[in-house]
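Worksheet: the structure to be examined is printed underneath.
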Amino acid sequence: MSVKNLVEELKKISENFKNQLLNSFTQYSFERYYRRRYETKYKLIDLLKSLGIENCEVIHVSELIKCKQQCIFEEHYIKTPEDYAKYCFRVSMIFGDAIEREVIDLMKLPKGYITFKKIEVGSKTYVIVGSCDAIFEDYVIEIKARTKFEQDRVFPTPLQIAQTKLYAWLYNKQYGLLILVHPNDVNVIVEKAYTDNEVRDLILTWSSPRYPFECIYCTFKDICKQRQMQVLITDY
Ligand code: SF4
C-alpha cells in the first residue's frame with residue numbers, strides 16, 4: 001500500500017471510530033435522559049387513566065424546573081436519537097453522567113427509584129413524577145459536574161437547586177444534598193425541601209423561560225417566539 005493510501009485508510013478508520021463513539025454516546029444519553037423520562041410520564045398517565053383518574057396533569061420534575069416552552073418543543077421535535085443529537089446532546093453530558101455513576105459506585109449509594117406525588121392547585125390536580133440520582137440516609141442526592149471548559153458558568157444553576165429541593169419534596173425528605181463536582185474540588189450543598197405551597201407556586205409560575213438565561217443556551221431559540229435575550233451573557 002502506498003503511503004498516500006495508508007494515510008487515507010487511517011483517516012477513514014479514525015473518522016469511523018469517532019462516528020461510532022458519538023453515536024453510542026448519543027444513543028446512551030437519549031435512553032438515559034430522554035426516552036426514560038417520557039416513558040415514565042406516559043406510563044403514569046396511562047395508569048391514572050386506567051384507575052379512572054383523568055382530570056389531572058402529570059409533570060416530570062425535570063420539566064417543571066425549566067422553561068415550559070422548551071419542554072413543549074422537546075416533546076414535539078425529539079422522537080429519535082438522531083433528533084436528540086440535533087437538539088439536545090452535548091458531549092459534556094457524558095462527563096456528567098460518568099461522574100454521577102462514579103459517585104454512586106464509590107459511595108455505594110442506592111439509586112433513586114421512580115416515584116410520584118399528587119398536589120392540588122386550586123381545582124386542578126397535578127401529579128409530579130421523577131427519580132432522583134440517589135438516596136443517602138434521609139436525604140435525596142443530586143450529583144452535578146462541571147468541566148474545566150464550563151468554569152465561566154454559574155454553578156450550581158437555579159435549575160439544579162430547584163431540582164434538588166423538588167426531589168426532596170417528592171420523596172418526602174426534609175433536605176436534599178446537591179453534590180457539585182468541579183475539576184479540582186467537590187462541594188456539597190444542603191437544600192431544604194420545597195413546601196407544598198412552594199411547589200404550588202412552582203406550578204403556577206411555570207413560564208417560558210423560567211429563568212432568562214435559559215434562552216442563551218436553548219437549542220430552539222431560533223424558532224421560539226418567547227425567548228428573552230436581554231440578559232447579559234456574562235451573568236451566567
Ligand atoms: S428560547 Fe427561551 S423561551 Fe424559547 S424555548 Fe428556549 S428557553 Fe424557552
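Every read-out reported here was derived from the displayed coordinates using simple, explicitly stated rules and does not represent laboratory data. Nothing here was measured: the structure is a model prediction, and the numbers come from that model. Please note: Cβ atoms are built from the backbone with ideal geometry, for glycine as well, and neighbour counts cover all protein chains shown.
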Give me log10 I(q)/I(0) at q = 0.14, 0.18, 0.25 Å⁻¹ for the stretch 19-119, Debye formula, one equal scatterer per alpha-carbon, no solvent.
-0.68, -1.03, -1.37
Given charges at Cβ of Lys, Arg, Asp, Glu: the chain dipole, positive-most of TYR77, ILE114, PHE155:
TYR77
Would you mind working out the magnitude of the charge dipole of the chain relative to its Cα centre, with +1 at each Lys and Arg C-beta and -1 at each Asp and Glu C-beta, to the nearest 20 Debye?
340 debye
Mind checking which lysines have their Cα closer than 17 Å to the Cα of LYS43? Skip sequence neighbours fewer than 8 apart in that chain.
LYS79, LYS117, LYS118
Taking only the alpha-carbon atoms of the stretch 3-235, what semi-axes of the equivalent ellipsoid follow from 5 times the gyration tensor eigenvalues under a square root, in whole Å, largest first?
33, 22, 20
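Counting only C-alpha contacts under 8 Å and six or more residues apart, can you give the relative contact order of the chain as a whole percent? Numbers along the way, then the final one.
On the way: 305 pairs, mean separation 45.2, N = 236.
RCO, the chain: 19 percent.
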Could you work out [θ]222 nm for the chain from helices alone, using -39500 (n - 2.57) per DSSP H run of at least four and dividing by all its residues? Round to the nearest 500 deg cm²/dmol.
-13500 deg cm²/dmol
